[in-house]
1. If we scan the range B:8-23, do we find a residue that is modelled with pLDDT under 95 and assigned to a strand (DSSP E or B)?
2. Tell me, yes or no, whether the range B:81-94 has at least one residue that is crowded, with 21+ Cβ neighbours inside 10 Å, of a type outside the set (D, E, K, R), more than 14 Å from every other protein chain (Cβ to nearest Cβ) and closer than 28 Å to residue A:34 by Cβ.
3. Could you check, for the range A:80-96, whether at least one of its residues is surrounded by 16 or more Cβ atoms within 10 Å (Cβ to Cβ), more than 27 Å from residue B:87 (Cβ to Cβ) and touching a helix residue (DSSP H, G or I) at 6+ places or on another chain (Cβ under 8 Å)?
4. Tally time: how many residues in the range A:37-68 are free of Cβ contacts under 8 Å to residues at least 40 places away in the same chain and of a type in the set (Phe, Trp, Tyr)?
5. Given (1) closer than 21 Å to residue A:3 by Cβ; (2) under 12 Å from the mean Cα position of the chain (by Cα), identify the lone condition not met by residue B:42.
6. Can you tell me which residue is modelled with the lowest pLDDT among those in the range B:95-110 that are within 14 Å of another protein chain (Cβ to nearest Cβ) and under 14 Å from residue B:6 (Cβ atoms)?
7. Quick check on the range B:32-49: of everything there that is of a type in the set (A, V, I, L, M) and modelled with pLDDT under 90, which residue is surrounded by the fewest Cβ atoms within 10 Å (Cβ to Cβ)?
8. For residue A:61, all conditions in the list (1) over 21 Å from residue B:4 (Cα atoms); (2) at pLDDT 95 or above hold save one; what is the number of the exception?
Amino acid sequence: EAAVTQSPRSKVAVTGGKVTLSCHQTNNHDYMYWYRQDTGHGLRLIHYSYVADSTEKGDIPDGYKASRPSQENFSLILELASLSQTAVYFCASSTGLGVYEQYFGPGTRLTVL
Amino acid sequence: GDQVEQSPSALSLHEGTGSALRCNFTTTMRAVQWFRKNSRGSLINLFYLASGTKENGRLKSAFDSKERYSTLHIRDAQLEDSGTYFCAAEAGGGSGNKLIFGTGTLLSVKP
């Protein structure tokens, strides 16, 4: 069974609209991450969290908010979607202690029109 | 800032041949992961190394933290190996074990 799932798998949004991407993990991991990937680039970290009810900014947090209501769930929120936020978004989880391997979800393709 | 330089950006192989991908790091990294992005866009974990080498089937990876590089060797390439390969390094320290990704290698395996 997939341990990191994302929903939706793809979405088309309008400029200025609100978008929420959801991530759920069954790994019992403390750390969760949101990345975006643009064509021709590696993944870049947007936000991450190491405990429920707390989030941290990653390398490119502008235009995004994150929410970690529980250990299992981590959401990425675009309050006012923009064309530049068209990308594939990946969620990941890791223990963050000792073993650091990150396990990725299948990705969400977001198109902002 | 910390960077990961991945090469080559694109690679074409004939079935049955092999090659190596490489990532160089601008600073000492604690660990490295290698991924393959498949045709459906999902990231598949290939290896996680904190040191040394690991092998899995036709893939072998090495990581040298001191020399600041990692490699991924593919031998006897098959058509299904086609895809984009990423390395990602873990800087450690106060970074919350964030991964810094390379820009990817687009591998095309041809008959």
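The values are calculated or read from the model by the stated rules, or taken from the named source; none is laboratory data. Here the structure is a predicted model, which is why all the values come from computation and not from measurement. For neighbour counting, all protein chains shown are included, and Cβ atoms are generated from backbone atoms with ideal geometry for every residue, glycine included.
1. Looking through the range B:8-23, none of the residues is modelled with pLDDT under 95 and assigned to a strand (DSSP E or B).
2. no
3. Initial filter on the range A:80-96 (surrounded by 16 or more Cβ atoms within 10 Å (Cβ to Cβ)): A:81, A:85-96.
Within this subset, residues satisfying the condition of being more than 27 Å from residue B:87 (Cβ to Cβ) are A:81.
Imposing the further condition that a residue be touching a helix residue (DSSP H, G or I) at 6+ places or on another chain (Cβ under 8 Å) reduces the set to none.
No: zero hits.
4. Summing the residues that are free of Cβ contacts under 8 Å to residues at least 40 places away in the same chain and of a type in the set (Phe, Trp, Tyr) in the range A:37-68 gives 2.
5. Evaluating residue B:42 over (1) closer than 21 Å to residue A:3 by Cβ; (2) under 12 Å from the mean Cα position of the chain (by Cα) leaves (2) as the failure.
6. The selected residue is B:99.
7. The first filter runs over the range B:32-49 and keeps only residues of a type in the set (A, V, I, L, M), leaving B:32, B:43-44, B:46, B:49.
Among the residues that remain, those that are also modelled with pLDDT under 90 are: B:43-44.
On the way: B:43: 26, B:44: 13.
Only one residue fits best here, namely B:44.
8. It fails just one condition, (1).
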